[in-house]
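Chemist: The structure under discussion is supplied below as structure tokens; questions concerning it will follow.
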Amino acid sequence: MVRLRAGKGKDTMGANVIAKTHKLTSEIIQLIGQITHNYIALGRALCTMRDGKYYRQLGDHVETMDDFLVEIRLSRSTAYNLMAIHERFGGYITPEMQIDYTRLVRALPIAEKIGTERVIKLLSEAELLPTQAYYDQIRELKGKIATDVCDHSRKSAYEKCDLCGKGWKL
């Protein structure tokens with residue numbers, strides 16, 4: 001739980017400001033808790049729209065799912081990631097879980113290749129582990145060396161143009 005730190009010196013904040021701060025903090029924490037479930041719900045709704053081809057009912061200008069995505073101003077990659085998150089993880093994410101969208105997207109390529117128990121463990125790790133530790137787990141599941149165990153003996157040298165930013169290997 002988030003605690004407000006005590007002010008220094010005199011109490012310069014009025015009771016209304018303190019109450020508002022507590023209320024906003026509580027609201028923010030509650031909304032953060034809803035984010036993961038909104039990914040799942042949005043993915044489910046998009047899958048339903050796609051599978052039932054309901055988008056065709058919106059008019060002659062919406063003939064495909066991609067047309068629909070343009071209509072609702074949702075990028076194709078985001079929409080398909082949300083649908084994949086729903087399809088692969090929707091049954092495993094519990095109401096109390098809070099998992100960052102990027103972490104779910106990073107897990108998508110390996111989710112089909114690992115068993116149910118490992119998917120559940122991976123989702124738990126996505127929620128609890130620090131960012132780099134979680135990304136190292138993903139690397140290991142892909143058969144790559146994790147950054148925390150690599151000896152970094154194979155290094156590449158790069159040079160970069162300060163004017164245009166183009167880089168190349170030396």
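Chemist: Report the full-extension gain for the segment Asp100 to Glu71: residue separation times 0.36 nm, less the Cα-Cα distance, to one decimal in nm.
Modeler: On the way: separation 29, 0.36 × 29 = 10.44 nm, distance 2.63 nm.
Separation in residues times 0.36 nm, less the Cα-Cα distance, equals 7.8 nm.
Chemist: Round to a whole angstrom and tell me the spacing of the C-alpha centers of region 36-63 and region 135-170.
Modeler: The two parts, judged by their Cα centres, are 38 Å apart.
Chemist: Subtracting the Cα-Cα distance from 0.36 nm times the residue separation, let me have the gained length for Lys121 to Ala45 in nm, one decimal.
Modeler: So the extension gain works out to 24.8 nm.
Chemist: Give me the net charge of Glu159's neighbourhood, meaning all other residues with Cβ under 11 Å from the Cβ of Glu159; Lys, Arg count +1, Asp, Glu -1.
Modeler: +2
Chemist: Compute the relative contact order of region 43-94 as a whole-number percentage, counting only Cα pairs closer than 8 Å that sit 6 or more residues apart in sequence.
Modeler: 43 percent
Chemist: Right, here's the next one. Within a Cβ distance under 9 Å of Ala133, other residues only, what is the Lys/Arg minus Asp/Glu net charge? Mind dumping the intermediate values first?
Modeler: Values: positive: none; negative: Glu125, Asp136, Asp148.
Net charge in that neighbourhood comes out at -3.
Chemist: Taking the alpha-carbon set of the chain, what are its Rg and Dmax in Å?
Modeler: Here Rg and the maximum Cα pair distance are 22.4, 66 Å.
Chemist: Right, here's the next one. When only Cα pairs under 8 Å and 6 or more residues apart are kept, what is the percent relative contact order across the chain?
Modeler: 16 percent
Chemist: So, one more: With a sphere of radius 14 Å drawn around the Cβ of Asp100, what net charge do the other residues whose Cβ falls strictly inside it have (Lys, Arg +1; Asp, Glu -1)?
Modeler: Here the charged neighbours net out to 0.
Chemist: Sticking with this structure for a sec: Can you list, largest first and rounded to whole Å, the semi-axes you get for region 117-163 by taking the square root of 5 times each eigenvalue of its Cα gyration tensor?
Modeler: Those come to 30, 14, 9 Å.
Chemist: Defining a contact as two alpha carbons under 8 Å apart and six or more residues distant in sequence, what relative contact order in percent does region 72-170 show?
Modeler: This gives 18 percent for region 72-170.
Bear in mind that the values in this text are calculations on the coordinates, not laboratory data. Worth saying up front: this structure is predicted, and the values here are computed from it rather than measured. Positions of Cβ are backbone-derived with ideal geometry, glycine not excepted, and every protein chain shown enters the neighbour counts.
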